[in-house]
Every structure is written in C-alpha cells, then in structure tokens.
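Asks: Mind looking over this structure? Questions follow.
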Ligand code: FAD
C-alpha cells in the first residue's frame, strides 16, 4: 500500500461510519475512523447522567420491519422492548398518539370505531364545505390540507401549534404537500410505529457503536478539513459522512437545515411525566416536546429505584452555519443545490459519500444500517 496504510479512511464515527467500519474489518480491510467530536456515535451518542442514558442529540428510537437489519443490530447488542407511544399535552389535557381510538375517546368521548368514523366524516365534511364556500378547490397550504384530511378538532388541538413550532412558520404559509396523509387507527393502540421491530439497545446506543468499532483504530477530535491532504493520502479510499457542501468548500453556497436545541435538567423525582415523549401541541408553549430519558431503558422497579430523572425540552430553530445541522430543508433551493453537489460527488473515484450529511437526506437509523449492509466493501 506504500504511503497508503489504510484501505479506508472513514470520516465520521456516526452510525453510517461505524457500520461501514465493522463490515470492512470483517472483510479484512484496514480502516481508520476519524471524528471531529470528542465522542463516538454521531447523533446517537448518549451521555450518562445520574445513571441515565441521555440522548444528547435528540431522542432516538430504533424501528424497522427489516429482519436482516434487526438481527444485525441485535448481534452487536441486544435491544429492549421499548415501544414508542407518545402523548400530546394541549392546554393541560392529554391525548394519545398516533391518532387512534384512545385519541378519539379523549377528544369526543366516542367509544366505538363506527362512532369515531362518523365523527371524523362529519369533521371532514364540515371543513370541505367551508373551503368550498370560500372558493377553494385544491388545498393551498398545510392548514387547508390538514383540515380536509382530519377536520378542525384534531387539527387545532394536535397539529397546528406543534407544526408551527417545528417549522417556525404559520401552517397557512407552509405548503400542502408536507402532509400527504394523516393515518388514523380504529383500534385502541398507542404504538407509534407500524414496524415489526422496535427498541433501544440494552445499556444504550453507545454499546451499539462501541461494539461496531471494537478493534477499529479511531481518532477523535480530528477534523478532516484541518488536515485534508495528509488524511487523503493515507488511505486508498475515503468514506465521507460529513457535510457534502463543506467537502466542496461551499462552492455553490451552504445547504440549509432546521436545528433543535435542548434544555436538559436533572429533576429530583423518580418519574417526571410517566412517559418518554410528551408533545406540547399549543403554540404558546415555546418547546415542542419534553423527553424523559429514563423511560427508554428503565421499566417497573428499575425505574423507581433510580431516584432522579433527566428531562430535555426541545426547541425547534432556524439553523445558521456553525450550529448543529439536524433536518435538511427540502425546498426547491436546497434540493437544487444538493443535486449540484451530488453531481460533483458522482465524479469522485475514491470517495464514497454516505449518511445523512453527505447525502443531504433525512434517514432513520434502520435505513442507514440497511444501506451499509447492502454495500460492496
Ligand atoms: P451522524 O450521526 O451525524 O454522524 C456523522 C459524523 O460525522 C458525526 O459524528 C460528525 O461529528 C462527523 N463529522 C462530520 N464532519 C466531519 C469532519 N469534517 N471531520 C470529522 N468528522 C466529521 N432515527 C431513528 O431511526 N429513530 C429516531 O427516533 C430518530 N430520531 C432522530 C432525532 C433527531 C433530532 C435527528 C436529527 C435524527 C433522528 N434520527 C432518528 C436519525 C438518526 O439520527 C440518523 O439516522 C443517524 O444519526 C445518521 O447517522 P450518520 O452516521 O449518517 O450521521
């Protein structure tokens, strides 16, 4: 290999980089993983506070219907039986999510699927009639779309304020296509995901990353761009999971994101809100959700035996260069810009671009794993 001591230089110790490194090592390749952060795991990293794994970069719940992916992650660390069942708080009243018979009972006191369906149809018809009266044929914005799909009660209580906080704009200023469907369930089932498998690694996500990177050489606090020429020369190929626009020195301008900021506190109680995820759906409360981290991994007696709890209030915010990029903005400007960068990337012979930043695409964790499992290494 001469100067090239490694087959792969992997830029980024997030899930993409870690699964790639694991597979490359199994295939007998030499890899060096670098990350500019001081810890492994990228956005799934957890910090241990008061014995609780705190999801530092946002709550992460693994879910998939792909058995190969599920078996793979469970071969690294066993997953628990956590089931995502968020609750919404609107002006002090609680509603179950996703929209199901529990929600309809809480909203309208209806007890049977037939009653619930009749109420939904009535709400939809009312919204349709109002819009028609105003001369609206096709929904012109997210508000009109949501009203037609689900009616006023659920829209006003559970969608409007939350969506406006998430996007930092009024629902009447957001495009209709953001909401394509609003699924409803005519069963008393609060399980958010339809997937066959879901859970959290027992012992936390760091166990998953540590397992994947076991026996792989890793350098933390190493920014690829601060030593680009030397780092490029030491490996035959680069697996790049950082930001694609930064790779090209923002040649066409920076891609935009939405970001989230977290206000994390330790509370002197065993159980703060009785659930991992509570959404605050009214506009007047500035945060979107409160996450109580211990509920991801502690159940029953274990929950009670841990005397403190850690909560994070989540605030959605406009992103500026230098802030943590979270969600790509899929508007025309950014999609076009990303495409231009992708054209440059496709010409690279020795660089593989992968993951949420390098592809400028929102990915859940399971599709990231699936993608790397399918790659030729
Ligand atoms: P990252 O985790 O971002 O890893 C990229 C790594 O590259 C980082 O560690 C970064 O420091 C490093 N890096 C970047 N540039 C450089 C550089 N120049 N030099 C060196 N290192 C560099 N998915 C789910 O399945 N379930 C969920 O519940 C869920 N919740 C989410 C909540 C939030 C708020 C967000 C934003 C995402 C959520 N996701 C969830 C998605 C999940 O976070 C991603 O699928 C996953 O983290 C992507 O991994 P990655 O390796 O592509 O990116």
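Readers should treat all values here as calculations from the given coordinates under stated rules, not as data from a laboratory. All values derive from a computational prediction rather than experimental measurement. When we count neighbours, we look across all protein chains shown, and the Cβ atoms used for this are built from the backbone with ideal geometry, even at glycine.
Asks: Quickly estimate the mean residue ellipticity at 222 nm for the chain, helices only: each DSSP H run with n ≥ 4 gives -39500 (n - 2.57), and the total goes over all residues, rounded to 500. Display every interim value, and only then the final one.
Replies: Values: 12 runs with 118 residues, N = 377.
So the calculated ellipticity at 222 nm is -9000 deg cm²/dmol.
Asks: Per residue and in Å³, how big is the convex hull formed by the alpha-carbon atoms of segment 98-178?
Replies: 88 Å³
Asks: Okay, next question. I need to check one value: relative contact order of segment 98-178, counting alpha carbon pairs closer than 8 Å and at least 6 residues apart, in percent.
Replies: Contact order relative to length: 30 percent.
Asks: Calculate how many DSSP beta bridges within the chain are antiparallel, expressed in % of all such bridges and rounded to the nearest 5.
Replies: So the antiparallel bridges amount to about 65 percent of the total.
Asks: Could you let me know the centre-to-centre spacing of segment 227-252 and segment 32-69, using Cα atoms, in angstrom?
Replies: After rounding, the separation between the Cα centres reads 23 Å.
Asks: Now, a different point. How would you rank 141-151, 356-366, highest first, on the average number of other Cβ atoms within 10 Å across their residues? Don't jump to the answer; show the numbers that get you there.
Replies: Numbers: 141-151: 22.0, 356-366: 19.9.
Going from most to least packed, we get 141-151, 356-366.
Asks: Taking the Cβ of each residue in 31, 306 as the centre, tally the other Cβ atoms inside 10 Å and list the residues starting with the fewest.
Replies: 306, 31
Asks: Determine how many Å³ per residue the convex hull of the Cα atoms of the chain encloses.
Replies: Here the figure is 155 Å³ per residue.
Asks: Report relative contact order for segment 133-265 in percent, whole number only (criteria: Cα-Cα under 8 Å, sequence separation at least 6).
Replies: Working: 52 pairs, mean separation 25.1, N = 133.
Contact order relative to length: 19 percent.
Asks: Got a sec? How would 259, 172 order by Cβ neighbour count within 10 Å, fewest to most?
Replies: Values: 259 15, 172 12.
Neighbour counts put them in this order, fewest first: 172, 259.
Asks: For the chain, calculate the relative contact order in percent as a whole number, restricting contacts to Cα pairs under 8 Å that are 6 or more residues apart.
Replies: Details: 692 pairs, mean separation 98.2, N = 377.
That works out to 26 percent.
Asks: To continue, here is another question. Going by how many other beta carbons lie within 10 Å of each one, how would you line up 61, 49, fewest first?
Replies: Working: 61 19, 49 16.
Lowest to highest Cβ neighbour count: 49, 61.
Asks: Taking a ≥ b ≥ c as the square roots of the eigenvalues of the Cα gyration tensor of segment 45-93, is the shape rounded (a/c under 1.5), prolate (a/b larger than b/c) or oblate?
Replies: Oblate, since a/c reaches 1.5 and b/c is not below a/b.
Asks: Given segment 1-145, what whole percent of its Cα pairs are spread farther than 20 Å?
Replies: 72 percent
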